[in-house]
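Below is one structure, written out as structure tokens; comments come after it.
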Amino acid sequence: MKITVIVPVYNRLEHLRALCQCLIRQEVQPDELIISDDGSSEKVIDYIGDLLPEMKFKVKHIYQEDLGFRKARALNNAVREAEGEILIFCDQDLIFPENYIKNIRFELKDKKFLMSRPVSITEEEKDKVLKYLSKGEAYEKILEIIPNKYQLYVNSTLKKDRLRRILNVLKLNKRGIRLVGMSYVMYKKDYIAINGYDEKYIGWGYEDDDFGNRLYVYGVRGKEYTKGPIQLHLYHPFDPTKKHSTNEEYYYTQKKEIFNKKKFFCKYGYNNQLMRDKVHVLIIK
């Protein structure tokens, strides 16, 4: 099966560069990288142009005008152009080990999505990580920058696994893993089956929760990816515009519809765009 990596971006493209450096070093390469741009003022090619000769996969840059936070539409734009049957969604601020895609291929099962829980690092740690990446250091060497956080993550994961097994035995864990939009993997066919992301989510917040609710009602269950070294989430300043969401009322109204009426197919999504401003598709490589 072909694999497409989808990265939604909005400026902060030095982080996209770090993610691309991780992709280049993958033991199993993706077939395609799609950079789905929500209207950045920074130029993608300025940050990754010199890396293109090292990329053994297709690279597409999809761009929509900056009309506010429209992640839902940006992701639908990307999936429409995706050639892969397996979709890996990564925030632009993530880096990951060399065996990430290789392991994901074998972990993903039918009617499942895989979700990772990256560990956030400080600004000082980020600066060191980016220097290590630029020098071509192995991921294990990078993790030495944050040994305490890594061990805390391992201990936390073991506790969660034990608790999950107990809840499963007692049949108290009916919902299972909930989708968080930062890092997850799924089959394209399941994305299309629920009409992708609901494009009525304009402005920050709740678009991933809604998507996860509809996946669940459709019959797709989550599984936490815990194999191999952890992903790291690169530091960036908190965006004050993301403190409150204008989508809250719409989300809770939709949530009732989704669960009470088993309504997993949204009106405006993959097959039917809400807004008609032009989407630009550039084949970079």
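Summary of computed values
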quantity: Residue within segment 123-137 that is crowded, with 17+ Cβ neighbours inside 10 Å, modelled with pLDDT of 60 or more, on the phi < 0 side of the Ramachandran plot and among the polar types (S, T, N, Q) present; calculated: no
quantity: Selection within segment 219-264 - surrounded by 13 or more Cβ atoms within 10 Å (Cβ to Cβ), at pLDDT 95 or above, over 21 Å from the mean Cα position of the chain (by Cα) and in a loop (DSSP other than H, G, I, E, B); calculated: LYS263
quantity: Hits in segment 265-285 - residues which are touching a helix residue (DSSP H, G or I) at 6+ places or on another chain (Cβ under 6 Å) and modelled with pLDDT under 95; calculated: LYS285
quantity: Test for GLY84: is it closer than 30 Å to LEU274 by Cα, modelled with pLDDT under 95 and either out of contact with any Cys (no Cβ under 6 Å at 6 or more places or on another chain) or surrounded by fewer than 21 Cβ atoms within 10 Å (Cβ to Cβ) (or both); calculated: no
quantity: Residue match in segment 60-73 (condition: under 13 Å from the mean Cα position of the chain (by Cα) and farther than 28 Å from GLU125 by Cβ); calculated: yes
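The values are calculated or read from the model by the stated rules, or taken from the named source; none is laboratory data. Bear in mind that the values here come from a model prediction, so they are computed numbers and not experimental data. For neighbour counting, all protein chains shown are included, and Cβ atoms are generated from backbone atoms with ideal geometry for every residue, glycine included.
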